[in-house]
Amino acid sequence: MSLLNKILAFNIIVGVMFGCSIDKEETNVNNQTKIVQKVKKQKKKRILKENEKKYFEDLISNAIKKSQIEKDYLIIIKKSKHKLKLYKDGKLEKEYKIALGFDPVFDKQVEGDGRTPEGDFYICLKNPNSSFHKSMIISYPNKEDAKRGLENKLINESLYEKIINALENGRCPPQKTELGGEIAIHGGGIGYDWTLGCVALENDDIEEIFSKVKIGTKVIITY
């Protein structure tokens, strides 16, 4: 089955899923032209600028140090390598292969763009009965996303404040926004980049990670 046909078949049932943001365009199987255009985005190339490289390097370095100090788990996702790294006490415990959103190259901007977000997050909800075996929602949108959304008039001041308040109190931020939401780490398999922005693993792998990490575990996603 071609990649396009797999995405079309997946979108028929995606409305019952838990863990990925859902866009009405994506569930309309007759809207093939737009889906083809989104699939083609996977061929894009991205070269990080020096300031982006330093940002990601510092983010990872600081997170590993914190994991070591706090004797806790840490998840680091490297999108360009399609790898999830699980750290414990600042040391790499295991690597896992992953699948991403169907437009995996750039940072998430809005609901329905098929991009996997980048930045500093934490696990804010665990669902042992997900449609994709097990899932863990991450705290997207984060503060940087909320600021961008407010500046670009994607969200209003009231919603911005709700997002910031939730993040400062370790809760899940509002999920139904123009920025997107319900971004999760879940099962379902990895063969190709098929999600709507989530991070997918093989079911055995999410089972293993799910059993170890807790709500509040830091998640760093870089390109």
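The values are calculated or read from the model by the stated rules, or taken from the named source; none is laboratory data. Just so we're clear, the structure is a prediction, and the values are computed from it rather than from any experiment. Positions of Cβ are generated from backbone atoms using ideal geometry, with glycine treated the same way; all protein chains shown enter the neighbour counts.
General remarks:
- Residues in the stretch 101-146 that are touching a His at 6+ places or on another chain (Cβ under 6 Å) and either of a type outside the set (A, V, I, L, M, F, W, C) or within 16 Å of Asn169 (Cα to Cα) (or both): Ser130, Ser135.
- Comparison of Ile138, Ile163, Ile185, Ile155 shows that the only residue that is crowded, with 18+ Cβ neighbours inside 10 Å, among the β-branched types (Val, Ile, Thr) and more than 18 Å from the chain's Cα centre (by Cα) is Ile155.
- Selection status of Ile206, under 18 Å from the mean Cα position of the chain (by Cα), surrounded by 23 or more Cβ atoms within 10 Å (Cβ to Cβ), modelled with pLDDT of 95 or more and assigned to a helix (DSSP H, G or I): yes
- Applying a threshold of 6 Å to beta carbon distances and a minimum spacing of six or more residues, or different chains, the list of pairs starting in the stretch 99-115 at a residue that is within 19 Å of Lys147 (Cα to Cα) and ending at one that is at pLDDT 95 or above and assigned to a strand (DSSP E or B) reads Arg115/Gly101.
- Residue list for the stretch 70-104, filter: at pLDDT below 95 and β-branched (Val, Ile, Thr): none
- Unique residue being farther than 12 Å from Thr222 by Cα, touching a His at 6+ places or on another chain (Cβ under 9 Å) and not small (Gly, Ala, Ser) when the list is Ile64, Ile69, Ile98: Ile98
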